[in-house]
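Visitor: Attaching a single structure in structure tokens format; questions to follow.
The values are calculated or read from the model by the stated rules, or taken from the named source; none is laboratory data. Bear in mind the structure is a predicted one, so any value in this text is a computation, not a measurement. Here the Cβ positions follow ideal geometry from the backbone for every residue, glycine too, while neighbour counts run over all protein chains shown.
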Amino acid sequence: METRKTFAILFLAMAGLFALDTFLARLEQSDSRAEARRLFDEGERLAQEGRNLEAIGRFRGALSIERDQRDYQLALAGALLAAGKFTAAETIAGDLLLHDSTSGAANLTMARVQAKLGKLADAASYYHRAIYGQWKQRAAEQRVRARLELVDLLASQTANDQTAKEELLAELLPLQAAPDIGVDIHKRIARLYLAAGSPSRAADMFREILRTQPQDPDAYAGLGEAEFATGDYRDARTNFQAAAKLQPGNAQIQKLLEQSDQILVLDPTQRGLGSNERYRRSVKLVELALLSMNQCPGSPPPEVVRRAEQALKRRAGDTETNLDLSEELWRLRAKACNQPIREAEKPLALVLAKLAR
């Protein structure tokens with residue numbers, strides 16, 4: 001009987017010690033998680049302040065306590081990326097994707113890393129995975145954000161790349177259709193349509209914005225730029241005037257307004273011009289094209305110079321012959337002159353480009 005009591009007491013004692021040990025272990029674990037969370041929160045604050053090197057230390061401290069916490073790993077990768085430590089960020093993002101290849105956040109981080117490394121095709125691929133990946137919260141908003149970053153990346157390549165323009169256009173169409181995007185993003189998309197070589201779509205979007213925001217100078221300026229790009233300089237000038245009235249200190253709007261004025265004064269194809277005015281403008285185009293040609297380092301062909309000088313001396317002549325001559329001079333200038341078109345020559349270049357179409 002005594003033996004049974006002794007065993008019972010020992011069992012209860014052991015159970016009590018086990019319970020106490022478990023409680024203390026859980027308490028210690030809870031304290032460790034709280035410390036990791038504190039380090040993580042402090043790292044996020046430092047990262048928001050741009051103090052990324054300090055943030056890296058905090059995130060690493062949090063991970064030393066909780067090694068498998070994916071949010072901490074993601075935050076560390078982001079801080080490393082912001083600090084310019086691209087290879088280290090790539091390694092961590094790669095580990096995260098090995099664990100979950102559908103993670104929208106991890107794919108977005110990897111896309112940003114690849115863009116910084118100059119691997120633009122890989123970056124575009126990871127952006128697509130982020131767009132169609134899984135997000136813990138605010139999935140629609142995060143997907144729009146990822147697609148906006150992708151279109152900005154593509155827009156940076158459109159200057160001399162028709163393929164990039166086509167890819168950009170393909171990304172803008174679903175972005176425009178995304179629900180619950182604000183006016184600022186609509187304006188951003190409209191401007192990107194201009195970069196993609198689709199000014200008509202840009203114009204439609206800016207008109208839609210102006211229906212709800214009739215006092216928006218950016219929308220008037222954007223509509224003016226879209227019309228300018230299609231050669232509709234008269235309507236472009238009207239919209240630049242509206243933008244300048246709403247935002248009189250904007251130098252870029254003023255410059256575009258002045259260019260529109262200069263083009264409208266030069267363009268011989270404007271509606272309502274009489275034959276005498278069309279001829280006068282054709283002579284002016286010859287004069288300006290010859291002047292630009294003469295300012296090139298290479299000597300212009302003497303025969304074309306002779307014909308141009310004769311055209312400038314005539315009191316009357318053939319308008320179409322003068323227009324052909326001005327286009328010929330401009331083509332010769334493009335071949336002979338390695339210098340870029342000067343700012344003052346842009347109206348002439350645009351009018352001659354319109355004539356060549």
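Visitor: What are the residues in region 270-294 that are under 22 Å from Arg342 (Cβ atoms) and without any contact (Cβ under 8 Å) to a residue 40 or more places away in the chain, if any?
Guide: Of everything in region 270-294, those that are under 22 Å from Arg342 (Cβ atoms) and without any contact (Cβ under 8 Å) to a residue 40 or more places away in the chain turn out to be Arg281, Val283, Lys284, Glu287, Leu290, Leu291, Asn294.
Visitor: For region 224-233, state whether one or more residues are farther than 23 Å from Arg147 by Cβ, in contact with a Ser or Thr (Cβ under 8 Å, 6 or more places away or on another chain), of a type in the set (Val, Ile, Thr) and free of Cβ contacts under 8 Å to residues at least 60 places away in the same chain.
Guide: Yes: region 224-233 contains one or more residues that are farther than 23 Å from Arg147 by Cβ, in contact with a Ser or Thr (Cβ under 8 Å, 6 or more places away or on another chain), of a type in the set (Val, Ile, Thr) and free of Cβ contacts under 8 Å to residues at least 60 places away in the same chain.
Visitor: While we're looking at this one, here's another question. Looking at region 304-315, I want the residues that are under 11 Å from Glu287 (Cβ atoms) and have a partner that is among the acidic types (Asp, Glu) with Cβ atoms under 7 Å, at least 6 apart or on another chain. Which pairs are those?
Guide: Listed by first residue and then by second, the contacts come to Leu312/Glu287.
Visitor: Please verify whether Gly222 is surrounded by 15 or more Cβ atoms within 10 Å (Cβ to Cβ), of a type outside the set (A, V, I, L, M, F, W, C), within 17 Å of the chain's Cα centre (by Cα) and modelled with pLDDT of 95 or more, treating the condition exactly as stated.
Guide: On the way: surrounded by 15 or more Cβ atoms within 10 Å (Cβ to Cβ): yes; of a type outside the set (A, V, I, L, M, F, W, C): yes; within 17 Å of the chain's Cα centre (by Cα): yes; modelled with pLDDT of 95 or more: yes.
Spelling it out, Gly222 is indeed surrounded by 15 or more Cβ atoms within 10 Å (Cβ to Cβ), of a type outside the set (A, V, I, L, M, F, W, C), within 17 Å of the chain's Cα centre (by Cα) and modelled with pLDDT of 95 or more.
Conditions tested, residue by residue: (1) more than 15 Å from Leu192 (Cβ to Cβ); (2) buried (at least 19 other Cβ atoms within 10 Å of the Cβ).
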| site | (1), (2) |
| --- | --- |
| Leu98 | yes, no |
| Arg112 | yes, yes |
| Leu117 | yes, no |
| Ala121 | yes, no |
| Glu149 | no, no |
| Thr158 | no, yes |
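Visitor: Report, by residue number, each residue of region 178-194 that is modelled with pLDDT under 90 and either among the hydrophobic types (A, V, I, L, M, F, W, C) or touching a His at 6+ places or on another chain (Cβ under 9 Å) (or both).
Guide: Ala178, Ile181
Visitor: To continue, here is another question. How do the pairs read when you match residues in region 168-186 that are within 10 Å of Ala196 (Cβ to Cβ) with residues anywhere that are assigned to a loop (DSSP other than H, G, I, E, B), using Cβ under 7 Å and keeping only pairs 6 or more apart or on different chains?
Guide: Partner pairs satisfying both residue conditions: Leu168/Thr158; Leu168/Ala196; Leu169/Ala196; Leu169/Ser198; Leu172/Ala196.
Visitor: To continue, here is another question. Could we say that Pro340 is within 36 Å of the chain's Cα centre (by Cα) and more than 22 Å from Arg280 (Cβ to Cβ) here?
Guide: yes
Visitor: From the set of residues in region 276-302 that are surrounded by 14 or more Cβ atoms within 10 Å (Cβ to Cβ) and farther than 20 Å from Arg314 by Cβ, which is modelled with the highest pLDDT?
Guide: Restricting to residues being surrounded by 14 or more Cβ atoms within 10 Å (Cβ to Cβ) and farther than 20 Å from Arg314 by Cβ, the top hit is Ser292.
Visitor: Something else: Go through (1) more than 33 Å from the chain's Cα centre (by Cα); (2) more than 23 Å from Asp261 (Cβ to Cβ) and name the single condition Ala334 misses.
Guide: With (1) more than 33 Å from the chain's Cα centre (by Cα); (2) more than 23 Å from Asp261 (Cβ to Cβ) applied to Ala334, the lone miss is (1).
Visitor: Scan region 332-357 residue by residue and report those that are surrounded by 14 or more Cβ atoms within 10 Å (Cβ to Cβ) and either of a type in the set (Val, Ile, Thr) or in a loop (DSSP other than H, G, I, E, B) (or both).
Guide: Within region 332-357, Cys337, Ile341, Val351 meet the criteria.
Visitor: Okay, next question. Tell me the residue from Pro301, Pro340, Pro347 that is outside the structural domain of Glu227 (by TED's automatic domain parsing) and more than 30 Å from Gly224 (Cα to Cα), please.
Guide: Just a single option satisfies the conditions, and that option is Pro301.
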